[in-house]
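Trainee: One structure follows; several queries about it will come next.
None of the figures in this text is laboratory data; all of them are computed from the coordinates on show. All values derive from a computational prediction rather than experimental measurement. All Cβ positions, even for glycine, are placed from backbone atoms using ideal geometry, and neighbour counts span all protein chains on display.
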Amino acid sequence: MRPSNVLPYLPVLLMCGVLAAGAANVPAAGDPPRLAPLPPVPEPPDNKTTKVKAELGKLLFFDPKITGDASLSCGDCHAPRQGWGLAEPISRGYPGTVHWRNSQTAVNSVYLSKLFWQGDAGSPEAQAQTANTGAVAGNGSNDVMEARLRQTPEYVKRFKEAFGTERPLINDAWLAVATFERAMLVQKDNPLDRYLKGDKSALSAKAVRGKQLFEGKASCIQCHNGPLLTDEKYYNLGVPRPKEFEDSGLNQITFRWEIYQKGLHEKKYREWKDDPGLYFGTKREKDAGKFRTAPLRYIKYTAPYMHAGQFFTLEEVIDFYDKAGGENEFTKRYGNKTKVLKPLNLTKDEKEALIAFLEELSGDEIKIAVPKVPPYGVMPDVPGLTQAQAKRIGLERHLSAIGKK
Ligand code: HEC
Ligand code: HEC
């Protein structure tokens, strides 16, 4: 509605506001959205969830064949027993490198519309491809990864069942991985969901107190809201520079390389020492050091915390917020620390209650046994299939996937 159109409806809008404020689950105008139970898993029309596809995706998630030197899988950086992330501040990288950010949990990530700390992938399908082709992560090239899948008889069979193709196509691998995440890496019906749906015994009294603080005195709800406990917006909280950027040669190489290849002006390349986050995407100085509000549903299992694992425990995180966040290079240069953060003056008991809430809402761990991945095999000839036809099958699928057909 354009502003000029608003006026005639103003009384109606005001009335709705009054009604809404009275209803139990609708926030009053100007208030942040409430916490909400997890809705059904969103399913894109061009990648419907099927059981065969999800099972294929599970194998691929743990199969190093779809990275550069076939030594590293998604599961090596998103380990089931480390919260489907990595329990180290900055993630491992492609062999010979390190990453420059903390490995996030893959749990519940299929609900996000902005993936990564910087929110720069728009879907789990796009995310998977970026992960396994990015230089300091999977570092794979599509033709080599695809050839490996085609040289694995079990995959030829499974891709045909899942996608109806004669030969595995690398783009379909990303669809399958995303389907696995939708089917098996979602934590349904955790204590917070049960509590919000009316089971008041689902959270302990202490956690309920923590929830009230989360939504009240501690103001976490300003940014961590909705079903995933994130507004998917960007803030600079003043999270400090990771010490690895200063102490470790390998980390310096990766950081310098990232800011170079992401197109920073030479002056900034030379001066900046902190991760510019959202700035990489927008190139606006006021966005430097901003990161997407992190979802919190699986938080108990995913230490350390923040974009470079700057904090090892939830206690440290709460202390950070209690002091209204911190300072980094960009809060000092551009004064762009979010105004939302204020000193909280939390007592020891209140801090403990907040932590109890975060821990309890994390629910049970998602445990999946790491599958044995299928071996390579010598491929039989396909009778009657010429090289030209084989190429055409690949090209057609590729074109329809990118919308050219
Ligand atoms: C070398 C380690 C590494 C590998 C391999 C890797 N990841 Fe990641 N993953 C990371 C790191 C580090 C991040 C955060 C990167 C960033 O924000 O820039 C991440 C982020 C993600 C996210 C985003 C979660 C969120 O909250 O936005 C998902 C989902 C994910 N990875 C899934 C995968 C899948 C699926 C694969 C395999 C196709 C994979 N990753 C391979 C390290 C890795
Ligand atoms: C102004 C918005 C905002 C407010 C208010 C806020 N957060 Fe955050 N939170 C964020 C952002 C943005 C990040 C990611 C920051 C980064 O990595 O640099 C984050 C990260 C976190 C993380 C780490 C997540 C992870 O996966 O590593 C936790 C835990 C957390 N917040 C809890 C809280 C709690 C508890 C409160 C209330 C005391 C709170 N937050 C208040 C925006 C906010």
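Trainee: Taking the range 234-249, which residues are surrounded by 14 or more Cβ atoms within 10 Å (Cβ to Cβ) and out of contact with any Cys (no Cβ under 7 Å at 6 or more places or on another chain)? Outline the logic, then answer.
Mentor: Our first condition is that a residue be surrounded by 14 or more Cβ atoms within 10 Å (Cβ to Cβ); within the range 234-249, this holds for 234-242, 244-245, 248.
The answer is Tyr234, Asn236, Leu237, Gly238, Val239, Pro240, Arg241, Pro242, Glu244, Phe245, Ser248.
Trainee: So is Gly335 surrounded by 21 or more Cβ atoms within 10 Å (Cβ to Cβ) and within 23 Å of Lys243 (Cα to Cα) or not? Walk me through it before giving the result.
Mentor: Numbers: surrounded by 21 or more Cβ atoms within 10 Å (Cβ to Cβ): no; within 23 Å of Lys243 (Cα to Cα): yes.
Judged against the criteria, Gly335 is not a match.
Trainee: Looking only at the range 305-318, which residues are within 13 Å of ligand 1 (Cβ to nearest atom) and either among the aliphatic types (A, V, I, L, M) or more than 21 Å from Lys233 (Cβ to Cβ) (or both)?
Mentor: Within the range 305-318, Met306, Ala308, Gly309 qualify.
Trainee: Quick one: is Ala106 more than 8 Å from ligand 1 (Cβ to nearest atom), within 20 Å of Lys188 (Cβ to Cβ), in contact (Cβ under 8 Å) with a residue 40 or more places away in the chain and crowded, with 16+ Cβ neighbours inside 10 Å? Steps first, answer last, please.
Mentor: Numbers: more than 8 Å from ligand 1 (Cβ to nearest atom): no; within 20 Å of Lys188 (Cβ to Cβ): yes; in contact (Cβ under 8 Å) with a residue 40 or more places away in the chain: yes; crowded, with 16+ Cβ neighbours inside 10 Å: yes.
So Ala106 does not fit the description; no.
Trainee: I'm checking my understanding of the structure. Among residues of the range 302-313 that are touching a Phe, Trp or Tyr at 6+ places or on another chain (Cβ under 7 Å) and within 6 Å of ligand 2 (Cβ to nearest atom), which one is farthest from Val186 (Cα to Cα)? Can you show your working first?
Mentor: Let us first name the residues in the range 302-313 that are touching a Phe, Trp or Tyr at 6+ places or on another chain (Cβ under 7 Å), namely 303-305, 307, 311.
In the following step, the residues that additionally are within 6 Å of ligand 2 (Cβ to nearest atom) were identified as 305, 307.
Numbers: Tyr305: 20, His307: 22 Å.
My answer is His307.
Trainee: Let me ask you something else. Find all pairs meeting these conditions: Cβ atoms under 7 angstrom apart; at least six residues apart or on different chains; first residue within the range 180-201 and closer than 15 Å to Glu359 by Cα and touching a residue at least 24 places away in the same chain (Cβ under 8 Å); second residue of a type in the set (D, E, K, R) and part of a helix (DSSP H, G or I).
Mentor: Matching pairs, first to second residue: Pro191/Glu360.
Trainee: Taking the options Ala79, Ala70, Ala87, name whichever one is surrounded by fewer than 23 Cβ atoms within 10 Å (Cβ to Cβ) and under 22 Å from Lys243 (Cα atoms). I'd like the intermediate steps shown before the answer.
Mentor: Numbers: Ala79 fails: under 22 Å from Lys243 (Cα atoms); Ala70 fails: under 22 Å from Lys243 (Cα atoms).
Among Ala79, Ala70, Ala87, only Ala87 is surrounded by fewer than 23 Cβ atoms within 10 Å (Cβ to Cβ) and under 22 Å from Lys243 (Cα atoms).
Trainee: So, restricting to helices (runs of 4 or more DSSP H) that lie completely within the range 117-232, which ones have at least 1 residues that are more than 26 Å from the chain's Cα centre (by Cα) and more than 28 Å from Ile90 (Cβ to Cβ)? Write out each step before concluding.
Mentor: Numbers: elements: 124-133, 142-150, 153-163, 170-184, 191-196, 205-215.
Those helices (runs of 4 or more DSSP H) span 142-150, 153-163, 205-215.
Trainee: Here are some residues: Thr293, Thr302. Which one is polar (S, T, N, Q), within 13 Å of ligand 1 (Cβ to nearest atom) and within 14 Å of Tyr235 (Cα to Cα)?
Mentor: On the way: Thr302 fails: within 14 Å of Tyr235 (Cα to Cα).
Sole residue among the options that is polar (S, T, N, Q), within 13 Å of ligand 1 (Cβ to nearest atom) and within 14 Å of Tyr235 (Cα to Cα): Thr293.
Trainee: Can you tell me how many residues within the range 177-234 are within 30 Å of Phe62 (Cβ to Cβ) and touching a helix residue (DSSP H, G or I) at 6+ places or on another chain (Cβ under 6 Å)?
Mentor: Just the residues of the range 177-234 that are within 30 Å of Phe62 (Cβ to Cβ), to begin with: 177-193, 227-230, 232.
If we keep only those that are touching a helix residue (DSSP H, G or I) at 6+ places or on another chain (Cβ under 6 Å) too, we end up with 177-183, 191-192, 228.
Residues in the range 177-234 being within 30 Å of Phe62 (Cβ to Cβ) and touching a helix residue (DSSP H, G or I) at 6+ places or on another chain (Cβ under 6 Å): 10 in total.
Trainee: Can I ask one more? All but one of (1) under 21 Å from Val208 (Cα atoms); (2) more than 8 Å from ligand 2 (Cβ to nearest atom) hold for Ile299, so report the exception by its number.
Mentor: Of (1) under 21 Å from Val208 (Cα atoms); (2) more than 8 Å from ligand 2 (Cβ to nearest atom), only one is false for Ile299: (2).
Trainee: Just wondering, is there one or more residues in the range 60-80 that are within 7 Å of ligand 1 (Cβ to nearest atom), within 23 Å of Pro276 (Cβ to Cβ) and either within 16 Å of the chain's Cα centre (by Cα) or not in a helix (DSSP H, G or I) (or both)?
Mentor: yes
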